Every structure is written in C-alpha cells, then in structure tokens.
1. Restricting the search to region B:210-239, which residues are assigned to a strand (DSSP E or B), closer than 21 Å to B:THR157 by Cα and out of contact with any Cys (no Cβ under 7 Å at 6 or more places or on another chain)?
2. Quick one: which residue in A:ALA88, A:ALA67, A:ALA62 is under 24 Å from B:LYS182 (Cβ atoms), within 12 Å of the chain's Cα centre (by Cα) and assigned to a helix (DSSP H, G or I)?
3. Looking for something without any contact (Cβ under 8 Å) to a residue 12 or more places away in the chain, under 30 Å from B:SER183 (Cβ atoms) and assigned to a loop (DSSP other than H, G, I, E, B) - is there at least one such residue anywhere in region A:7-22?
4. Filter region A:33-60 down to the residues that are over 17 Å from A:THR114 (Cβ atoms) and more than 7 Å from chain B (Cβ to nearest Cβ) and list them by number.
5. With without any contact (Cβ under 8 Å) to a residue 12 or more places away in the chain and either under 30 Å from A:ALA28 (Cβ atoms) or part of a strand (DSSP E or B) (or both) as the only criterion, which of B:LYS247, B:LYS260, B:LYS255 stands out?
6. Go through the residues of region A:130-137 one by one and say whether even a single one is hydrophobic (A, V, I, L, M, F, W, C) and over 19 Å from B:ASP137 (Cα atoms).
7. Give region A:63-94 a look and list any residue that's in contact with a Lys or Arg (Cβ under 7 Å, 6 or more places away or on another chain) and surrounded by fewer than 24 Cβ atoms within 10 Å (Cβ to Cβ), or say none.
8. Would you say A:HIS32 is farther than 24 Å from B:PHE19 by Cα and touching a residue at least 12 places away in the same chain (Cβ under 8 Å)?
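The values are calculated or read from the model by the stated rules, or taken from the named source; none is laboratory data. Everything quoted here is computed from the prediction, not taken from an experiment. When we count neighbours, we look across all protein chains shown, and the Cβ atoms used for this are built from the backbone with ideal geometry, even at glycine.
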Amino acid sequence: MNPTLRRRLICALALFLAALVQSAWADAMRFHGAKPDFLVLVALLGAMFCEANESAALGFFAGLLMACLAAPPTSGFGSLIVSRTLVAFGVGWLEERIFRDNALIAVIVAACGTALAEGLFFVFTPQHHIGHWLRGVGLTTLYNALLALPLYLLIRRCLGPRPRPDEF
Amino acid sequence: MRSEERSPNARRYWAVLLFVVLGTLIGVWHNNRNDRGAQDYVEGGVRGVVAPPANALGRVSHWFGAQTYWLFHGHAVAEENQKLKERVAELEGENAALREMQINYDRLRDDLSFVRQDGAPKIAADVITRRADPKFDTLLISRGSRDGVKPNSVVVTRNGLVGRVFEVTPGTASVLMLTDQKSGVGARVQRPESRAVGVCEGDNSAVLMLLGLSGEADIKKDDIIVTSGLGGIYPKGLVIGTVLEVKEDEGNVGKVVRVKPRVDFDHLEEVYVLP
C-alpha cells in the first residue's frame, strides 16, 4: 500500500478508536479528578508523524469528533474544532523544523499541546469558573502527559519512524 | 528541492487555513441550527457512526466490570451487603408511612390537575457517553427526536433530577447535567416550614451551589432541595439534592448553600426523559 495512504488510514482509525475510548471509558478512568482527553492526545502524537497539512486535518477531525460527542451547550462547537486544528498543525509544522522523532518530545508535545489547545479554546469561548477550568485543564494535561509515552510507542509501532520531508 | 518547498508558506500551508475556516463555519452553522432548535446534520452523522459502537463498548465493559467486581471488592461487598440489609429494614418502616402519605398526595394532585404532567410517559435511555470532554458535564443518551425527545426535555433517574436536553439528533440527545457550569435550575427547600426559593447552579464540581437566598431564608443542613417549577423548563417537585453546608455570604445579605446532588452522576447508566 502507498505509505501516505497507509499513514492516513492508520491516523483515521486511531482517531476513531480514540473517540470510542473517550466515549466509553474516559470518565471511568478519572483519577483524583483528572480525566484524559484521548482525542487531543492522538491528534498531537499523530501530528508528530505527519506533515503540517495532514496534522491540521488530524486536529480538525479530532475537534469535530469531540464537539459532536460532548457538544458544549451554548457555544464552543467551532472553538473545539479550530483550537485542535491550530495546535495539531503547530506540532506538524514544528516537527518539520525543530522536533525529531523522540519519545521525550512526545511527552512534551502532549503536555504543552493539551494546555495550548485548552488555552485557545478558552480564548475563543471564555469559561465562567476560571479556577475550576484551570484545575481541570491542569489535571487533563498531566494525565495526557502520562499517557503520551505508551500511546506514542503504539502509534510509532503502527506508523513506523517519521518519514524524511521528501518522503511525505 | 520540491516545488512545494519553494512556494511561500501561505500557499504551502493552505490546509490549515481551509480547516480553520471550515471549523469556524461549522461552528457558526451549528450554533444557528441549535438556536432555532433544528438538528445539525454533521453532528447527527458523526454520532450515527460513533454512538452505536461506543454504546456497545460501554455495555461490554460494564458487563466485564460486573463479572470481575467481586475479585477486587469481595470484603467490601460483604460489608456493604450487611449495611444494605439494615437500611432495607429501616426503609420498609418509612415506606409504610410514606404509602399513606402518597394516597393523600395522589388525591390532592388530581385536584390540582397535575395528573397530566406527572402521568406523562417517561422515555428510558442508555447513557452512551458521560463527560466525553472533561470540560463539560454533559451526557450523550441513546434516544433522540424520533423517540419524542426534544430540546429542554427534562432528564431524571429514580433518585432525582439529572438535567435537561439541549440538543437532539434522530437517535441521540445531549444532556446538560446539573453540575455543569452553564446549568441553572429554580430550586426550593422542601421542608413545609421553609419553602425558601433560590437557584441551583453547577460549577463542574461534584456539588451544586444554591444561590439567591435571602439572609432570612430558613435553610439548614440536610434539608431536601426540590425544583421550584419557576423558569418554565423543570416541573415542580423533582428532587435535586440535600443541603451539605450553609454559609452567610460576605455582605451578610444572603446565604450561600452547598447542595449534594441526589443523583450519582459518576455512575449514571440509564436515565428517563420526560418528553
């Protein structure tokens, strides 16, 4: 199979599985108030193996899936999509320039990316109770950072090492 | 060097611009449809694909959890069983008194023409997703517009009020739980000597805040809080929770009350929708 097509199919499948896991188990996986956000995590880690435009698409669909599954009541549907698109694109773009395929980078990307995605969401759709929101984001960021390493290794096993720029 | 790499960034990274514009348009369109009470077909399509397998996965994991629970909680189960037996005996006595009161209540209710409201059939629904996004206290349930669920339909369990529907697709509905920061429900102290009225609001934590009470409001710990019926969405008399703590607010002009919801939002599996 064409490697590009294979990579895109694997990313699509990973997003779908992340949506299922997020729906069925994320709330039950709560630990001292911290809950994971698998969709953001898969978008960020997947973006490390994709070029910037593909990363933007990955973020877009991660945001769309989350918005459809946990649609916020009055606003924020578009904010979820746009914030994930921008952050995943940023990871893909940085990966082309600075990052290297590295497990430590994956943990940093998961932590910073989750916080940044939620920060952008807050800018687009301000929340009432900032203290609770900050606590929730902090805990989700920590949870995602903890999950990043095993998930990164799984994705890397499925996708193989990141291709060189001319191989995309 | 590829021609793509020579092109300016704005052209090379066209996709991000496209997806940002598309995301914004979808968001605006979604909000417009929502405001008019119309269905969002994008959301309906996505949920149509994700909700059935997510529901099946949730059921399988629940079944698996139930089968293996004793492995990890055997001693705790025995203790809990003993406590429950004692509690059942206590409740049986209470139940007999309540039955008598129920007879009187039913008669009065008929007189007050509440039969239609209370007698409406309830729609049972499975919880497909609970707090899929950690930021929002929302549920996705397995009934939608084709089952008669509408925006602002009230969602309850046997224990009390869960929240209200804010969005429907043909096969699913989104429910805003009482604990969400955007939730607010007219509330009243059930105790006949008090009947103080306020607004119960969520803040995404496990307890609710009862606000808008005057400084003289008669309210104390363990009072039961029910819906007041004011506001037009929630019917009167649904149990919200129990008072945990009462505090004077800073200016001493009102009271701030923390309420523990009667419904266990962390273990919701089935709910009922009042259409």
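1. Listed by number, the residues that qualify are B:ILE224, B:VAL226, B:THR227, B:VAL239.
2. On the way: A:ALA88 fails: under 24 Å from B:LYS182 (Cβ atoms); A:ALA67 fails: within 12 Å of the chain's Cα centre (by Cα).
Checking each option against the conditions leaves just A:ALA62.
3. Looking for residues that are without any contact (Cβ under 8 Å) to a residue 12 or more places away in the chain, under 30 Å from B:SER183 (Cβ atoms) and assigned to a loop (DSSP other than H, G, I, E, B), one finds none in region A:7-22, hence no.
4. Those that are over 17 Å from A:THR114 (Cβ atoms) and more than 7 Å from chain B (Cβ to nearest Cβ): A:PHE49, A:CYS50, A:GLU51, A:GLU54.
5. B:LYS247
6. First pass over region A:130-137, keeping only residues hydrophobic (A, V, I, L, M, F, W, C): A:130, A:133-134, A:137.
Narrowing further to those that are over 19 Å from B:ASP137 (Cα atoms): none.
Checked region A:130-137: no residue is hydrophobic (A, V, I, L, M, F, W, C) and over 19 Å from B:ASP137 (Cα atoms).
7. A:PRO73, A:THR74
8. yes
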